[in-house]
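A quick write-up on the structure given underneath.
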Amino acid sequence: MRHRVTTIFLLVAIAFTGSLLLVRAKGTHLPGNHQGYEPVQPIAYSHRLHAGELQIQCLYCHSNADKSRHAGVPAAATCMNCHRFITAPLGAVRAEEELAKAEGRPVRPVVSPELRKLYDALGLDASLQRDPARTPRAIAWTRVHSLPDFVYFDHRAHVGGGVTCQTCHGPVETMERVRQVSDLSMGWCVNCHRAGGANVAAPTRPLAPSSDCSTCHY
Amino acid sequence: MSRVYWLSLEQRDLAGSSGGAQPEFLEAAAGDPSRRDFLKLVGFSVAGAAAASCSPAPVRQEIPYVAQPEGIVPGDAVSYATTCGGCTAGCGLLVKTRDGRPIKVEGCPDHPISAGGVCSVGQAALLGLYDNLRFRSPSLGGAQTSWPEIDTALMARFDAIRQAGGAVRVLTPTVHSPTLRRGIAAFLASFGDGEHVEYDALSASAVLDAHEATHGVRAFPRYFFDRAEVVVSFDADFLGTWVSPAEYTRGYALRRRPEGGSARGWHAQIESRVSLAGGKADRRIALPPDEIAALAFDVAAIVEQGSGGSGLASELAQRLMAAPGRSIVLSGLQDLPAQVACNRINAALGNYGRTLDIAQPSNQRRGSDRAVARLLDDAAAGRIAALLVWHTNPVFDLPGGSAVSKVPLLVSLAERPDETSAAAHAVCPDHHAFESWADAEPVAGSYGLTQPLVRPLGDTRAFLETLAAWSGAPRPALDQVRETWRDTVCPVDHRGSDFEQFWAESVQTGYAAGDALAPAEVRARSAAELDAALMARPAVSADAIRLTLYHKPAILGGEHAYNPMLQELPDPISKVVWDNYACLGPTLAARLQLATGGVARIGTAAASLELPVLVQPGQDEQTVAIALGYGGQITERFQGFGHHWFRSRPTVGPNGRVGLNAAPLIVPDRGLLRRHAADVQIAAAGRTQPLACTQEHHTLSVPANLSFGPPAPRPIVQEISTAALAAAAPEADGGEAGAHAGGDLWAAHPMPGHRWGMAVDVDACTGCGACVVGCQVENNIPVVGKDEVGRNREMHWLRIDRYYMEDESGLHVANQPMFCQHCEHAPCETVCPVLATVHSSEGLNQQIYNRCVGTRYCANNCPYKVRRFNWFAYDHGEGTEQLASNPDVTIRSRGVMEKCTMCVQRIQEGKIAAKRRGEPLRDGEIQTACQQSCPAHAIVFGDLNDPSSEVSRLSGGRRAYKVLEELQVKPAVSYLKIVRDARPAATATEIAHHG
């Protein structure tokens, strides 16, 4: 009798553990696969706003993607091409204007807290002038897409061939915060290479992607 | 005549068997684990793997520029032209920098001196830049200080010396930088008694002194080996270490290239030991140093008379007299009568102005042994008030050099701690050559520019700026260099007079070739005008054992002995790493009952040393040869070097350093530092000290246990006579060598696009090792230490197999660069259980590190023995040293096999660049690291599917063959046969009579 109770108890325990593991397994990846990784960035930069709503080209900021192996993150100075003039969301600026009108005082400059971080990094003061007392400090973004060791990926070869950024990076223009959409596994790469460029919508040259190991591994 | 090439004396004497050759994996090295050890290891591995897999992926950061500088694309490499600071040869470099840090040194192909060649020292200079143990700040009396403080302190001392009228000396090696010469002169001008003393650790003072005697100018001639049909070298290793090896190798290889069209040069080398140049010689004669000097004198007498003489001297003279104005006679002996004899021969043959130039001389050697001897005397006598020492280490490399520590104010401007900086009162560290502006004038009228490639890594200061500060007029080095170039270089350059444009072009190319200089009138004095002492036949001390001190191509005078890559580069002849030793001929060694590894006590009147012995075939049987440049304080850093495990032996010797310093054996003799001596006492010390020698690792001979009966020697090195070469159909059918008529056992690999291949000219290769170090830097190949090398575990992807061959014209050395042959039917591929090594569609044998599980079956099955296994996670440096790694190549971890990839990262880069341009790849656009730096242009890489490529042309040429062709593995690498001159040579008896 006691043995039977123990057996039943053990079976229930195994079933419970098993179901728990199954549930967990859905969100679990193999080691090295960071699909779905969506880290918090030092500045809450919105790709949805810039690339989606404002339709800024990817290559405007990631200007090395067709020149170098790395697409790169834009230098802080690149942001200033626009943010020298745009210091806060339109709504906040309008609200300040109306408030100033109502209070009968001159409009104060409005700086959004996120952009303040950019200006701090560049060592700018309240009026966006270079403050000699501060040293410019680069912004340390958190890298979202990382390839494993032993593998090399070259943006030039892909961007130059007509592969769109979304093919690998997913609909970034809809993301508030960038998330890794593809699993960046070797199978995922090779599937595309084996298709011989058939899945590139608008190739800029005849494509003949190689499936040799040494294309990426060296 | 049967030509048998052999690797070692053991192999030769066992008549073709693999005797002496070691199996690739030493059984003893693997240890002898018990069951208990095995279980421990299994348990540890499982626990380790479990622990490792639990760690979360690290959060990586991406840090962009604040403002991206124009012209810089992160991840894209930019090459800057500069001048090498490794020695005084002044070769032109293109340094590849990526993201603000230099990652690879390459040769500048258009440079007027080096024409694309870089030696091993230049290649390894990158490690010098990133060296963690460089001085990071100035120090005064041993305490760290700042530049303003040290300037104040030293300038006060200088003021006191000025008022007291004390003597100030600046001691440097050869300085041919016009700006630095001005800087030193300006500094010394403020003192009543100031003098700039130059001396070279690899002194050629005798050449300069001899020209002073014979031509009235103290100058070093510029040699044009590409114009010389006959070269007779009396103990000058001009292909290895003598003055400007990269430049000379290029000219020499150009002249001897059978496809070159001009008459193939003939080269005789008379030497006491086996040097690089001797190995290449058509005629090599081993003689003791004093007899070489006497022979030079005899040849001079015959050439001047136009006839007469007998024996060897007559043979050499006949050869020379058949090529008047088209020959070079040179000597590396630090012996005035011998050098005067060479000058007399060159003058009598009318070579001056044709094959060597004294009117527009070389500045690569200016040092004076006489001046430095006087300096040491003055220092010992207390007649010098202050001494500045830059880039030299007199305490280490001069006999009696410690006299400099008696100077009341000794200032060292060294880059890293050495014997002299340890004795100095103040250390004012100089920048590395890659951190500062400077210039060079290696040959009169030919200028080089050095530009900074990286922001200085420490609080160092350029010597130019230090001198300017102490002269009371601080100025940036750039301003000083620009001023010199505006005043002196721009006016003689033919590119026009607009300085800013000239400067921009010069910075871009790295050099300015001013050929507008009017050559000075220099006349050779007749024999009657010469001092009678110089015209006396040098005395020969018969039957005594002589000593000759030499330099190794990678270590030179010891300035670069801190560099692990150079320490682990096998000596081109002996293939020993991490040591110096006493080379003895086989007969002498047998007479003294010494074998390789046995320690001998070698003594002269001045000093004695206990060094391990190396039995060296081809060496003169009355001479002991010892390398200089070893045993320096800067090698103490290697005390903990190498992988530490339970049976490891240290990389350093019993003295805590690498090798022993042989400088005390240098003989100061009538104003020259003589590197040879007579009357040497030598005796066995009764102990042994093993040498780590790669000579018999990874041999291609058949292992004894695999051969049926005594195996025949394999035709690994092949040769062709000049007559046979001329008779062969020119560029037969363009078909690739080794294409067997019979069918293949295996199905062919389709290679529709490119088919990468290489051609290696064994005839041109001198064995200098530049390619080995170039490959090592490019491909992040670790340095493993003496203990690991002793276990056959050196990691070089590219090795140079050295074979000896003896015939009636002496010992010959064949150098065969050996690396992965990228066989079409690769034996390694069929045995890999995990498909970690497979063939690519472009003919590359690929090695996939992340698939490799380390069975080592592939290495076992490789007939060329080119695969290397990571027995440990080898050291890739710490701190700034890690910056020297190439970011385009993976750093392999423990348990992974690796081998030559034909620089696949460069292939990918070249292909992508061509795609972006929208053009097909050009032949020669992709160069492998070994090819790029080869001074002899012995390595060619390219596309074998392109019939017009150079590699196709060479692979289908008359000289092409494949190594171990009979295996039918179809290597992608062709070798070009050695060409042997079929012209008659003197008989062996004649040589014996002369000696």
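Quick note: the coordinates plus some simple rules give every number you see, no bench work behind them. Since this is a predicted model, take the numbers as computed values, not measurements. Neighbour counts run over all protein chains shown; Cβ positions are idealised from the backbone, glycine included.
Details
- Per-residue shielding of A:204-215, expressed as the average number of other chain Cβ atoms within 10 Å of the residue Cβ, stands at 5.
- Magnitude of the charge dipole, chain B, Cβ model with Lys/Arg +1 and Asp/Glu -1, debye to 20: 1340 debye
- For B:Thr97, the residues whose amide H sits under 5 Å from its own are B:Val78, B:Ser79, B:Tyr80, B:Ile103, ignoring neighbours fewer than 5 places away on the same chain, with H placed 1.01 Å from N.
- Averaging the sequence gap over all C-alpha pairs within less than 8 Å and six or more residues apart, then dividing by the number of residues, gives chain B a relative contact order of 15 percent.
- Net length gained if the chain between B:Ala164 and B:Ala536 were fully extended (0.36 nm per residue, minus Cα distance): 129.3 nm
- Peptide packing for B:870-878, B:86-94, B:38-46, B:481-489 was compared via the average number of neighbouring C-beta atoms within 10 Å per residue; ordered from the highest value, the list is B:86-94, B:481-489, B:870-878, B:38-46.
- Peptide A:65-78 has a mean shielding of 5, counted as Cβ atoms of other protein chains within 10 Å of each residue's Cβ.
- Of A:Arg179, A:Arg143, A:Arg205, the one that fluctuates the most in a GNM where chain A has Cα springs shorter than 10 Å: A:Arg205
- With one equal scatterer per alpha carbon and no solvent term, the Debye-computed log10 I(q)/I(0) for the range B:279-379 at 0.15 1/Å reads -0.69.
- Cβ-derived FRET efficiency at R0 25 Å, B:Glu966 paired with B:Arg3, nearest 0.05: 0.90
- Only Lys, Arg (+1) and Asp, Glu (-1) charged, at Cβ; the protein assembly as shown dipole about Cα centre in debye: 2860 debye
- Estimated distance in nm for a label pair at B:Gln681 and B:Leu41, the labels positioned 7 Å out from Cα along Cα-to-Cβ: 5.1 nm
- Using only alpha-carbon positions in chain A, the gyration tensor eigenvalues give semi-axes of 44, 31, 16 Å once each is multiplied by 5 and square-rooted (largest first).
- The range A:106-208: relative contact order in percent, alpha carbon pairs under 8 Å with at least 6 residues between: 20 percent
- Cα-only Debye scattering, the range B:549-693: base-10 log of I(q)/I(0) at q = 0.10, 0.14, 0.15, 0.16 Å⁻¹: -0.33, -0.64, -0.74, -0.84
- Residue-averaged [θ]222 nm for chain B, counting only DSSP H segments that reach four residues, each worth -39500 (n - 2.57): -7000 deg cm²/dmol
- From helices alone, chain A scores -11000 deg cm²/dmol at 222 nm; the rule is -39500 (n - 2.57) for each run of n ≥ 4 DSSP H residues, then divide by the residue total.
- Relative packing of peptides A:49-61, A:88-100, B:321-333 - highest average C-beta neighbours within 10 Å first: B:321-333, A:49-61, A:88-100
- The calculated FRET efficiency for B:Arg218 paired with B:Thr880, based on their beta-carbon distance and R0 = 45 Å, is about 0.60.
- Candidates B:Ala627, B:Thr688, B:Ala589 compared by Cα position along the dipole of the range B:549-693: farthest toward the positive end lies B:Thr688, with charges placed on Cβ.
- Note on B:883-893: average number of Cβ atoms from other chains within 10 Å of each residue's Cβ is 2.
- Assuming charge only on the beta carbon of Lys and Arg (+1) and of Asp and Glu (-1), the dipole of the range B:205-364 about its Cα centre is about 620 debye to the nearest 20.
- Contact order, relative form, for the range B:549-693: 32 percent (alpha carbon pairs under 8 Å, 6 or more residues apart, mean separation divided by residue count).
- Amide H within-cut-off set for B:Gly166, under 5 Å, with H built and near neighbours excluded: none
- Extension gain, A:Arg94-A:Thr7: 0.36 nm per intervening residue step, less the Cα-Cα distance, totals 24.2 nm.
- Computed on the Cα trace of the range B:205-364, the radius of gyration divided by the Kirkwood hydrodynamic radius gives Rg/Rh = 0.92.
- Members of B:Lys899/B:Lys977; B:Lys575/B:Lys977; B:Lys40/B:Lys865; B:Lys96/B:Lys280; B:Lys280/B:Lys865; B:Lys96/B:Lys962 lying beyond 27 Å, as alpha-carbon distances in this model show: B:Lys40/B:Lys865; B:Lys96/B:Lys280; B:Lys96/B:Lys962
- Protection proxy ranking of A:108-114, B:230-236 - average other beta-carbon atoms within 10 Å, highest first: B:230-236, A:108-114
- Farthest toward positive dipole pole in the range B:205-364 [+1 Lys/Arg, -1 Asp/Glu at C-beta], among B:Pro245, B:Asn343, B:Ser307: B:Pro245
- Nearest-0.05 FRET efficiency for B:Thr509 and A:Arg143, computed from C-beta distance (R0 41 Å): 0.60
- Net length available on complete extension from B:Val59 to B:Asp76 is 3.7 nm, with 0.36 nm assigned per residue and the Cα-Cα distance removed.
- Over all pairs of different C-alpha atoms in the protein assembly as shown, the reciprocal of the mean inverse distance, the Kirkwood hydrodynamic radius, equals 33.3 Å.
- Over all Cα atoms in chain B, the spread is summed up by Rg and Dmax: 28.2, 90 Å.
- Projected label points at A:Gln41 and A:Met80, each 7 Å from Cα along the beta carbon direction, are separated by 1.9 nanometres.
- Here the range B:288-323 is scanned for amide nitrogen atoms under 20 Å from the site 7 Å beyond the Cα of B:Thr587 along Cα-to-Cβ, giving B:288-295, B:311-313.
- Phi angles across the range B:812-823 convert, under the Karplus curve 6.51 cos²θ - 1.76 cosθ + 1.60 with θ = phi - 60°, into 3J(HN,Hα) values of 10, 10, 10, 10, 10, x, 10, 8, 4, 8, 6, 4 Hz, Gly and Pro given as x.
- Approximate spin-label separation B:Asp487-A:Leu49, in nm, with each point projected 7 Å along Cα-to-Cβ: 6.0 nm
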